[in-house]
Amino acid sequence: MAKAVGDVVVDVEKCKGCELCIEACPEDTLALSNKINQKGYKYAITINDNCTGCVNCAIICPDACITVYRKIAKKSA
C-alpha cells in the first residue's frame, strides 16, 4: 500500500514563532530555527522527512504561513 507523505513549506518572513504548528504536528516534523527572520522572530523549520501530509500545522497557523504539499510515496518492491 502506498504511503502518503508531505512536504511542509514555511514562509519564514511571515512566521512569528508561536510554536502552535510544532505542538500540532503528530510526527515531530517541525521545530524552531536558531536563526531569526527580518521581523526578529525565530521561525518554524522542518527537521526531518517524516511528514504524512496531515496539514495540522497549516490549519492551526494563525498567520497562514505554512503550506503542505501532499504526495503518494511509491513503495519499492
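The values are calculated or read from the model by the stated rules, or taken from the named source; none is laboratory data. What you are looking at is a predicted structure, and each value in this text was computed from that prediction instead of being measured. Positions of Cβ are backbone-derived with ideal geometry, glycine not excepted, and every protein chain shown enters the neighbour counts. Ligands, DNA and RNA are stripped out before the accessible areas are found, and what is left, the full protein with its side chains, is counted by its heavy atoms. Shrake-Rupley method; radii C 1.70, N 1.55, O 1.52, S 1.80 Å.
Not counting the cut sites, what is the longest span of the chain without trypsin sites (Lys or Arg not before Pro) that DSSP labels loop and that have at most 14 other Cβ atoms within 10 Å? That would be 1-38. The fraction of Cα-Cα pairs per 5 angstrom bin, counted from 0 for the range 8-59, comes to 4, 25, 33, 22, 12, 4, 0 percent, rounded to whole percents. Per residue, the accessible area of the chain comes to 68 Å² when a 1.4 Å probe rolls over the protein heavy atoms. Within the same chain, lysines fewer than 8 places from Lys39 are excluded, and of the rest, those with a Cα less than 16 Å from its Cα are Lys14, Lys16.
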